[in-house]
Every structure is written in C-alpha cells, then in structure tokens.
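A.B. asks: Below is the structure I would like to discuss, written out as structure tokens.
The values are calculated or read from the model by the stated rules, or taken from the named source; none is laboratory data. Fair warning: this is a prediction, and the values are worked out from it, not measured in the lab. Counting neighbours? That spans all protein chains shown, and the Cβs are built from the backbone with ideal geometry, glycine included. In case anyone asks, the SASA skips ligands and DNA or RNA and just uses the protein heavy atoms, side chains included. Shrake-Rupley method; radii C 1.70, N 1.55, O 1.52, S 1.80 Å.
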Amino acid sequence: MYDEQEQPPEHGPLAGFTVGVTAARRADELGALLERRGAAVLHAPALRIVPLADDSELLAATKDIIGQAPDIAVATTAIGFRGWVEAADGWGLGEDLLARLRGVRILARGPKVKGAIRAAGLTEEWSPASESLAEVLDRLLEEGVDGLRIAVQLHGEPLPGFVESLRAGGAEVVGVPVYRWLPPEDLGPVDRLIDGCVARTLDAVTFTSAPAAASLLSRAGERGLLDDLLAALGHDVLSACVGPVTALPLQARGIDTVQPERFRLGPLVQLLCRELPARARALPVAGHRVEIRGHAVLVDGALRPVPPAGMSLLRALSRRPGWVVSRAELLRALPGAGRDEHAVETAMARLRSALGTPKLIQTVVKRGYRLALDPVAETKYGEG
C-alpha cells in the first residue's frame, strides 16, 4: 500500500475509461473536455451536416417567409438561427428576411438562441427558463394557435411531435430546415465505435443529437449488429445524452440513458465524471484497494494501464472475487486465444506486471487463479 506521505500519481476522474463521441458538430470541443479529465476518446461522427448555402429546401422556406410573414417564429438553436441569417445573406435575401422577422413574435428555446436573435438585431418575445421545446409548445397551445402561421426553425430532425401538435391545434406550420443530417462519408469510425461497444472495450458513448443516435442504430442494423449493440448499451456501455430529446431514439429501443440537468457539453462531461467511476468495480485485495476500470486499474489510487488481454482476465476473476477460476474458463475469456492454455499464463504474467503488485492474483496449483481477496471481504462474497 502506498505511504500516506506519498500520494498516488494525479490523474483525471475519467482516467482508465474509453468514451465514444458521436457528435458531428463540436466534436473536438467535447473530445478535448473528456481527454482533459483523463478519458481515452474514440471519435466517430455518426452524421454529417449539409452546408446551409447548398440547401434548396432552406432557400424555398426563406422565400416563403419573406413573401408571407408568419405570426410567430420559433427559434430552436443558436447555430441554426445564425446559419439561416448567414445563408440568406449569401443569397442576397438577408435584409429582406430580417425586415420580415422584425414584425414577428419570436420565441427562443434558450439563452444561446436569444443571443443569436439579438446579434441579428431582433428581439425575442419569450424564452423558457427550462430551455425545453416542450415548454414552448405548451405555451403556444395554451394561448391558442388556430388560424396562425408559425415558422419553426428545425434543428436537424423534423420534430414531428412539435409540428403535428401545432397543426392539430389549427396552425399553418412552415418548417425552416436550417441544416440537414446525412450519413457520414466515411463509415469506418462509426463501425469501429459499434464494434467497440459490442466488444465492451468502450465504457460510454455520448450523444448530442437525436439524429446521431438514430444513425448509429441504423448503421448497426445494416451490419446485422443491432441486437448486439442494444445488449451492450443496455447493460455494459453507458449511453450519455445531452438532453431528453437526444435520448428519444435510444429510449424507444428500451435503452436507459443518463442526462445532465443542464443541456450543455460541460454538464454532460461532469455527469460522466460521476457516473463512470461509480460504475467501476472496487475490491479489497491483498491489503490494497483495487478499482477495475475500462482499460486500466487503480491500485491504491495509482493508475495502472492494463493490456486488453489482461483486462479480460481481470474481469473474469472479479466476477467471482476470491474464488478460483480455472485456466480453461480464463482461456474462454481471452479474445481469439484459441485452445492453448499457455496463452493464459502469458497474459497473466503481463497482467501481474502491469498491476505492479504480483500478489494481487494468486496461482492455485493445478486449479487456476484467484483474486487474493482480503479475509473479511472474502467471507462476505463467499456467503453471497
């Protein structure tokens, strides 16, 4: 055990964990936040964004709104609203669009959207404190929308529930598709992320948009891996979503998700910093505290990176801590090891070396190996 005077090496709260990032937008920012806290990051944009200026649907909607002003405009994302104004400028329609919107009641989903609206020289009428589009919808329906023309800035997905509810209330809805999502041109990273989930080499996957979540599930289905992916996300790989709308495609498949109270990247990372360490297995072994993370182990707080084969062995031993696990069973736990039990001995030697404390794992002659669980803990686990 390390001396109380000598603190273990410093590491971030996500050290030893691998996190997948599916974001197409702000992926570098999210990845940097995770890496600064010690995580290994697998970037796999599940979507790409159609450039606004190339989108004929947005041009048509812009001309429609300039030609006939809506009574109400709903702005849902800051980047989308800014992009709409910039695209209109590029088409020579920017001044006409802003002039038309100045006479319109504008509702903003949250503070970032308000900032984009004001930067364009416009003023919003109202914005919910919750930053929830559902609250915007509730307000509109309570006020009554029958006979009103409402422009809704879509944010990547069609928002069918929102739009259909307004139409059911008697409104004419003009959708403004400020950007559209398409599958990524390079599917390699997405396939590696799916494979990592299925193999349980990832500890968590982050989602910042519902289309990204839907796209990942769709790609898994194309490869015949949907059931395997759902099983992984349902039990072993944490699904962390930036907000409740993002989580819908996953929850529709029965996958439990975690979400921060504030729908931002920073709180999403903070949530992972709490959730992943809390999910790690911690055991008292041979007078040491051993915490098993995704690709590393904390021994008395010191980070010990472990090769993939060693992690497979350690997880197999930790499923029954203190109990002897046979070489044959450990061989089955090794990926692609074949039938030679010598592979277990080789991987075990490397595991002990990586842990830096060989006595954590005991060899039981002619039987196998066991974690040297401390006596009090061993009684508890034995009774279980």
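A.B. asks: Per Stokes-Einstein, at 20 °C and 1.002 mPa s, what whole-number D in µm² s⁻¹ belongs to region 217-313, with the Kirkwood radius over Cα pairs as the hydrodynamic radius?
C.D. replies: In µm²/s, the coefficient is 138.
A.B. asks: So how far, in whole Å, is the C-alpha centre of region 211-267 from the one of region 320-345?
C.D. replies: 32
A.B. asks: I've got another one for you. Averaged per residue, what accessible area in Å² does region 209-341 show with a 1.4 Å probe, protein chains only?
C.D. replies: In whole numbers, region 209-341 has 45 Å² accessible per residue.
A.B. asks: Quick one: order Trp126, Trp323 from most to least accessible surface, probe 1.4 Å.
C.D. replies: These residues rank, largest area first, as Trp323, Trp126.
A.B. asks: A follow-up question, please. Given a cut-off of under 8 Å on Cα pairs at least six residues apart, what relative contact order in percent is computed for region 153-260?
C.D. replies: 24
A.B. asks: With θ taken as phi - 60° and the coefficients 6.51, -1.76 and 1.60, list the Karplus ³J(HN,Hα) couplings across region 294-303 in order, rounded to whole Hz; mark glycine and proline as x.
C.D. replies: Each residue of region 294-303 in turn: x, 10, 7, 10, 9, 10, 6, x, 8, 7 Hz.
A.B. asks: Please calculate the 1.4 Å probe accessible area of Tyr369, with all protein chains present, and give it to the nearest 10 Å².
C.D. replies: Approximately 10 Å² of Tyr369 is accessible to the 1.4 Å probe.
A.B. asks: Let me ask another. If you average the alpha carbon positions of region 170-210 and of region 68-94, how far apart do those two centres end up, in angstrom?
C.D. replies: If you average the Cα positions of each part, the centres end up 24 Å apart.
A.B. asks: If you don't mind, another one. Heavy atoms only, 1.4 Å probe, whole protein assembly: order Glu275, Glu172 by accessible area, highest first.
C.D. replies: Greatest to least solvent exposure: Glu172, Glu275.
A.B. asks: If you don't mind, another one. Return one number: the angle in degrees, 0 to 90 and rounded to the nearest 10, between the long axis of the Cα atoms of helix 78-90 and the longest principal axis of the Cα atoms of the chain.
C.D. replies: Once rounded, the angle reads 50 degrees.
A.B. asks: Further question: In Å, what Kirkwood hydrodynamic radius results for region 40-163 from the alpha-carbon pair distances?
C.D. replies: Final number for the Kirkwood radius of region 40-163 is 15.3 Å.
A.B. asks: Among residues other than Thr357 whose Cβ falls under 13 Å from its Cβ, what is the net charge (Lys/Arg +1, Asp/Glu -1)?
C.D. replies: Result for the local shell: +3.
A.B. asks: Binned at 20 Å from 0, what are the whole-percent values of the Cα-Cα distance distribution for the chain, short to long?
C.D. replies: 25, 44, 22, 9, 0
A.B. asks: Out of every Cα pair in region 242-293, what percent are spaced more than 12 Å from each other?
C.D. replies: 70
A.B. asks: Moving on. Could you tell me how many degrees, from 0 to 90 and to the nearest 10, lie between the Cα long axis of helix 56-67 and the main elongation axis, the longest principal axis, of the Cα atoms of the chain?
C.D. replies: 40
A.B. asks: To the nearest 10 square angstrom, how much accessible area does Arg139 have with a 1.4 angstrom probe?
C.D. replies: 80
A.B. asks: To the nearest 10 degrees, how steep is helix 308-318 against the longest Cα principal axis of the chain, on a 0 to 90 scale?
C.D. replies: Relative to the chain, helix 308-318 is tipped by roughly 70 degrees.
A.B. asks: Sorted by mean Cβ packing within 10 Å, highest first, what order do the peptides 352-359, 299-306 take?
C.D. replies: Going from most to least packed, we get 299-306, 352-359.
A.B. asks: Which ³J(HN,Hα) values, rounded to whole Hz and listed in residue order, are derived for region 123-137 from phi using the Karplus coefficients 6.51, -1.76 and 1.60 in 6.51 cos²θ - 1.76 cosθ + 1.60 with θ = phi - 60°, glycine and proline given as x?
C.D. replies: Those phi angles translate into 9, 7, 7, 7, 8, x, 5, 7, 6, 9, 5, 4, 5, 4, 4 Hz.
A.B. asks: How much of the accessible area of region 260-384, in percent, comes from carbon and sulfur atoms when a 1.4 Å probe is used?
C.D. replies: 53
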